[in-house]
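Let me begin by presenting the structure, written as structure tokens, before commenting on it.
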Amino acid sequence: MTFNPIPFDVLAGLVNWAKVVGCVFAAVFVIAFLLQIASRGAQGPAFFFRQLVASVMDWLTMSPRRIWALTLLTFREASRRKVFTIGVIFIVLIMFAGWFLGDSTERPEMQVKRYVSFMLTTIGWLILPVVVILSCWGIPEDIKARSLHTVVTKPVKRNEVVLGRIFGFNLIGTVALLTMGVAGYAWMMRSLNEETRGSLTARVPVYGEISWLNKQGNEALQGDNVGDIWTFRSYIAGNTKARAIWDFTGIDEDSFRKNPQTGEPELHLESTFNVFRSFKGDLERGILARYTFVNDSRGLRVSVDPFEVQEFRAGANVMTIPRKITYGPDRSLSADILDDLADDGNLRIEVECLTTSQYLGAAQSDLFIRLPEQSFASSFGKAIFGIWMMMTTAIVLSVCLSCVVKGPVAMLAAGCIIVIGKSFWGFLAKVASGDVEGGGVIEGIIRIHRHITPNVEFQEDSRRQLVESIDKVPQLYVQVSRYLIPDLSQFNMTEYVANGFDIPFSAGLLPALATMLGFCIPWIFLGYLALKFRELESK
Amino acid sequence: MNSEAVIETRSLSKVYRDFWGRKKVRALNSLNLEVHRGEIFGLLGPNGSGKTTTLKLLLGLLFPTEGSAEILGSPATDVVKNQRIGYLPEESYLYRFLNSEETLDFYGRLFNMPRKERKERSEKLLELVKLTDARKRQLREYSKGMTRRIGLAQALINDPDLVLLDEPTSGLDPLGTRDMKDLILNLRDQGKTVLMCSHVLSDVQDVCDRVAILDSGELKVLGRVEELLKNQGVTQIRTSTLSDEAVAEIKAVVAKHNSEFLEVDHPTTTLEDLFLKTVRDAADRPGQRYIPPSESEQGQAQDAADEEVPVAAGDSDSDSE
């Protein structure tokens, strides 16, 4: 399992968001302005600015009562059309799921992983199509049946219609989601035996920044490359000066856990290091590694007992280190991790490989300090909140598309955006940045035609430059698309919960929240503008 | 805008275009119209004449291609004007999964009415449209007449100054039609302005003060109903039953004044009046049935009916076809 432990940079995200949204709205306003001039001539600009002021006023004079009326209407409509039969499907699924999921011969954490993954995936995939279908059909059906005419001939603004519909569908989804979440949690508690339930944990990791020393003990950008194409980890050579160094910040009393027997505070270091063997050696024994606490300002280096890293053993390696470490040849010296080894809350830990000619693989998330655990229920709740954010984003997208086009088209468009955002956003980003091997569209066609593999460079000549120039056009389109399609994988927090981790706010919930708000706010404005300037009775 | 004019259109035109912006049809051509405060105005015309387009332009459901429309002093596209407007669409486009109580509560909320006011107003309107007993039934279970009535109730939820009615009597039985017409007249008595579109010309004639007739998107006729319908070439005198001698004397008088005697006859009542009388009598005397009368009874009934004799006389120089 790999997590991105880097906290979300709110300010940088906000600046980027403002740039993109500013460009989109500038384009919309310029097009609208030109269209008004084309259709109304000299009166066009005045009409445009009158409508602009009216649009601003619409937002300033919104009525919560009217929005709530439309929200309730949407909820009633869906509930009376028996949308909550989705619950029956869910119950049927979990009634029989136990037959296929239960395997008492498996390790408890693997059982937990399977149950949690199944539950959260099922909930996500059940709720998403339902809310997308409802949201895509709501306003177009209203227009088709002309019931919207009776609404907009009351003092109802179009933004109130859009918001009322969004909140209504969201309320339906929320009720369904909460019900499924609670039922799913209760079902897991009942289905798992007592021993397995013990593995329902929510570990709270504190990640540090990683840096490297090479074999000569000099600073390096990364460790050795052992030829593994999977470049997530890099390696430190055994019995050399190579080190992987973690710098943890914000270490205080709360970073320590109390020993259940002695009550003494201790530091829990959890690692998931990898091993690369340059020779087979004794496979029964792991590779030896060692932690060293370093405080450069006080000239202290305190190493603790080595530990084994076994590549064939599943699960994480947890080392418990008492806050007061005794060290030295006869353990006559002692150092307090917080008072002596940490420098103003900053703690540096070096990791070295002690087995000669073997390699220890590490990445930033491979070592963390484990804080006192949170409850599994809260972690599960956060994952449900992640699904809720994904659902909200899908609803806003669907409702706003349905303000522009009819139900089937809106559903198709929303479906495409959701599938790309959920499964192919990473690839999209790669294509947009030009990191995909084999070049762009034209270059790809030429390579296929000439049977040239992607890793063979094209000859540097004017033809190559021409091909690259042409390829920049579709690439630009993909770059724009990347900003208009949300990365829905941000909302999937199943991995955290299934692997027994608490979902961090800064690296988990915050980017998801920012993604949701970042896309929903401009979409709502665009949906409102589309509905405001749409003739509901147009033939 | 004229201070008396509640609705004013100036060169209002609408052209429907296709997806590519090509002109499909000119539905309304340069309509100039004023509807004054406190009157009932009828918009007439054959199918496709542009009357529904006019109504939708006035409601802001369509945008004009040229010209402008003002309602209650605001542009037709201004949402604020809707605060003082009530609209009954042709087909009562309501949410069929709601019951009538929920329907009125929903539309009341859209006017930002507080709960107490919504409740009071709903009660009053349900009583007015005689749906108190059916208040808990979903609209999908309603007959067409009931749907029209709840549609009217929602149009009046805000006690509007201007009521726009599209085919108000469509789907109503004669009793409901009469109630609707009484209600429209009652609205005028309360000082409200009513604009109605209808195909039922007798209904328009019964209630409207002024009418406009549209054809092919153009205004063809505009004026007060009685002035438009008055036949200046015929004089009508109504008296109680006259003897044959008296009729002969009148004919002589008409001839003496060089006028042509056209017709002497007993008037007939309307089918609507007969229907309403029958239904009301049935309510007063339940169990009464129709029994075919004997010959002598038929004779007496004929005498009783001969109470009024209209006498029509034309000017001597007028056509008497």
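Tabulated values for the structure
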quantity	calculated
Radius 15 Å from Cβ of A:F501, net charge of other residues (Lys, Arg +1; Asp, Glu -1)	-2
Exercise: per-residue mean of other protein chain Cβ atoms within 10 Å, B:60-73	2
Volume of the Cα convex hull of chain A, divided per residue and given in Å³	238
Shape call, region A:279-388: gyration tensor on alpha carbons, a/c limit 1.5	oblate
Aspartates and glutamates whose Cα lies under 17 Å from that of B:K14, excluding same-chain neighbours fewer than 8 positions away	A:E535, A:E537, B:E66, B:E70, B:D215, B:E218
Candidates B:I40, B:I150, B:I250: whichever shows maximal mean-square fluctuation once chain B is modelled as a Gaussian network with Cα springs under 10 Å	B:I250
Value at 222 nm in deg cm²/dmol, rounded to 500, when DSSP H runs of n ≥ 4 in chain A each add -39,500 (n - 2.57)	-17000 deg cm²/dmol
Accessible surface ranking that places the most exposed of B:D281, B:D173, B:D189, B:D133 first, with a 1.4 angstrom probe	B:D133, B:D189, B:D173, B:D281
Gyration tensor (alpha-carbon) shape descriptor, region B:1-99, a/c threshold 1.5	oblate
Over 28 Å (Cα to Cα) - which of B:K23/B:K220; A:K113/A:K382; A:K157/A:K382; A:K154/B:K24; B:K136/B:K192 fall in this group	A:K157/A:K382; A:K154/B:K24; B:K136/B:K192
Local electrostatic count at B:N112 - Lys and Arg +1, Asp and Glu -1, tallied over other residues with Cβ under 9 Å	+3
Too-long pairs where the Cα-Cα distance tops 26 Å, listed order kept, from B:K181/B:K277; B:K81/B:K119; A:K241/A:K280; B:K119/B:K277	B:K119/B:K277
Cα-based shape type of chain B, given that a ≥ b ≥ c are square roots of the gyration tensor eigenvalues and the cut on a/c is 1.5	oblate
Rh by Kirkwood over Cα pairs, then Stokes-Einstein D for region A:319-361 at 1.002 mPa s and 20 °C, µm²/s	170
Among B:E227, B:E39, B:E70, residue whose mean-square fluctuation peaks in a GNM of chain B (springs only between Cα atoms under 10 Å)	B:E227
Anchor A:K258: lysines whose Cα lies under 24 Å away (excluding residues fewer than 8 positions away in-chain)	A:K324
Radius 14 Å from Cβ of A:E460, net charge of other residues (Lys, Arg +1; Asp, Glu -1)	-2
Global size of region A:421-539 as Cα Rg and Dmax, reported in angstrom	20.6, 60
Accessible surface ranking that places the most exposed of A:W187, A:W246, A:W425, B:W20 first, with a 1.4 angstrom probe	B:W20, A:W425, A:W187, A:W246
Tally of Lys pairs whose C-alpha atoms are under 16 Å apart, taken over region A:389-539, 8 or more apart or cross-chain	4
Average other protein chain Cβ within 10 Å of Cβ, residues A:77-88	1
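The values are calculated or read from the model by the stated rules, or taken from the named source; none is laboratory data. These numbers were taken from a predicted model, which means no experiment stands behind them. Cβ: placed from backbone, ideal geometry, glycine included. Neighbour counts: every protein chain shown. Just the protein is used for accessible areas: all its heavy atoms, side chains included, with ligands, DNA and RNA removed. Shrake-Rupley method; radii C 1.70, N 1.55, O 1.52, S 1.80 Å.
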